[in-house]
Amino acid sequence: MKAWVLNLKHREDRYRRIVKALANEGVDYEIFHGVYWKDPDFFKTLSLNDMKIYKNWKIEGSPVKWYNRGVNAGEAAVAMSTILMWEKMLKESDDDMFLCLQDDTVWKQGDLKILMNLVENTDHHGADLIYLCGYHTSGYDYKFKPIDKWYEEPDYVYNAHAIVYKRTAIEHMIANGYCQHLMSLDEYLMIQCHTTHRMDVAEDLGVVEPMKAIKVKHSENIIQQVNDMDKVISDIADTPEVKL
């Protein structure tokens with residue numbers, strides 16, 4: 001299984017760090033340079049790739065902060081970049097599974113290869129995507145429903161920075177309109193799996209049959225995001241809402 005890394009060109013620090021970490025693991029990898037929301041050609045790139053930002057995310061008066069606004073620029077950029085990387089993966093590889101990492105992913109040397117071997121050699125219980133990270137909004141101590149010795153069933157999971165996708169899952173998401181409804185990747189995956197409060201969005205997207213997600217047990221303590229939240233926030237969380 002090959003690792004595909006989503007990186008922004010101006011984040012050379014992250015590029016150097018994750019390339020070194022992957023080389024130390026001895027795994028095959030490719031770096032994909034994504035689209036930055038501050039790029040002056042951002043909206044032109046959006047149009048050239050026939051992509052649109054989802055318009056109905058905001059719930060007026062919602063007490064939930066990420067529902068009380070529209071899709072922000074960082075989320076749209078990550079979504080667009082992820083789809084472009086998915087398309088390249090499908091075109092250039094015959095693999096049935098793909099490990100996708102964001103460039104702020106960190107782990108102790110040896111742990112990533114262990115998790116990759118685990119995924120490659122265990123039953124996935126019909127899952128379409130396998131989280132190697134992520135936590136519930138209630139925090140890292142939240143207990144997901146166990147499936148077997150290795151896996152658990154995530155009902156509401158954030159931080160999609162290390163995920164194994166089945167080829168069929170990527171094909172399904174591309175064919176069923178993520179390109180026309182760009183939004184938070186975390187939220188989009190939960191909508192596809194019917195594990196979110198935003199089933200109103202699922203209806204907009206025509207999501208009927210849910211995909212299935214599983215998560216490696218305790219993986220949130222193994223694969224994490226690097227401790228530079230000031231820069232993470234500037235790239236995604238606190239970027240301005242896109243005015244449509």
*At a probe radius of 1.4 Å, what is the per-residue accessible area of PHE43, in Å² to the nearest 10?*
120 Å²
*Accessible area of VAL216, 1.4 Å probe, to the nearest 10 Å²?*
10 Å²
_Net charge contributed by nearby residues that have their C-beta within less than 12 Å of ILE163 (K/R +1, D/E -1)_ = 0
*asked:* Let's see if you can work this out: charge +1 on each Lys and Arg Cβ, -1 on each Asp and Glu Cβ, no other charges. What is the dipole magnitude of the chain about its Cα centre, in debye to the nearest 20?
replied: 400 debye
*For MET173, what charge total do you get from the other residues with a beta carbon under 14 Å from its beta carbon, if Lys and Arg give +1 and Asp and Glu give -1?*
-3
*Could you list, in their original order, any pairs among LYS108/LYS166; LYS20/LYS215; LYS65/LYS145; LYS91/LYS145; LYS9/LYS143; LYS88/LYS149 whose Cα atoms are separated by more than 31 Å?*
LYS91/LYS145; LYS9/LYS143; LYS88/LYS149
*Extended-chain gain in nm, criterion 0.36 nm per residue less alpha-carbon gap, GLN225 and HIS136*: 30.6 nm
*Compute the Cα gyration tensor for the chain, then decide on rounded, prolate or oblate, letting a ≥ b ≥ c be the square roots of its eigenvalues: rounded whenever a/c is under 1.5, prolate when a/b is larger than b/c in the other cases, and oblate in all that remain.*
rounded
*Beta carbons within 10 angstrom, averaged per residue: use that to sort the peptides 150-158, 57-65, 44-52, highest first.*
150-158, 44-52, 57-65
*Can you tell me which of 108-114, 90-96 comes out highest on packing, and rank the rest after it, using the mean Cβ neighbours within 10 Å?*
108-114, 90-96
*Do any trypsin sites (Lys or Arg not before Pro) in the stretch 127-196 lie in a DSSP loop with no more than 12 other beta carbon atoms within 10 Å, and if so, which?*
LYS143, LYS149
*Extending each Cα 7 Å along its Cβ direction at ASP39 and LYS58, get the distance between those two points in nm, one decimal.*
2.6 nm
_Rel. contact order, % - alpha carbon contacts under 8 angstrom, at least six apart, the stretch 95-187_ = 40 percent
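Per DSSP H run of n ≥ 4, the term is -39500 (n - 2.57); total these for the chain, divide by its residue number, and report the mean residue ellipticity at 222 nm rounded to 500 deg cm²/dmol.
-10000 deg cm²/dmol, from helical runs alone.
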*For MET1 paired with ASN121, estimate the spin-label separation in nm (one decimal), with each label point 7 Å from Cα along the Cα-to-Cβ line.*
1.3 nm
_Contact order normalised by length for the chain, with contacts defined as Cα pairs under 8 Å and 6 or more residues apart; what percent is it?_
27 percent
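The values are calculated or read from the model by the stated rules, or taken from the named source; none is laboratory data. Note that the structure is predicted; figures quoted are calculated from it, not measured. Positions of Cβ are generated from backbone atoms using ideal geometry, with glycine treated the same way; all protein chains shown enter the neighbour counts. What goes into the accessible areas is simple: the full protein's heavy atoms, side chains included, and nothing from ligands, DNA or RNA. Shrake-Rupley method; radii C 1.70, N 1.55, O 1.52, S 1.80 Å.
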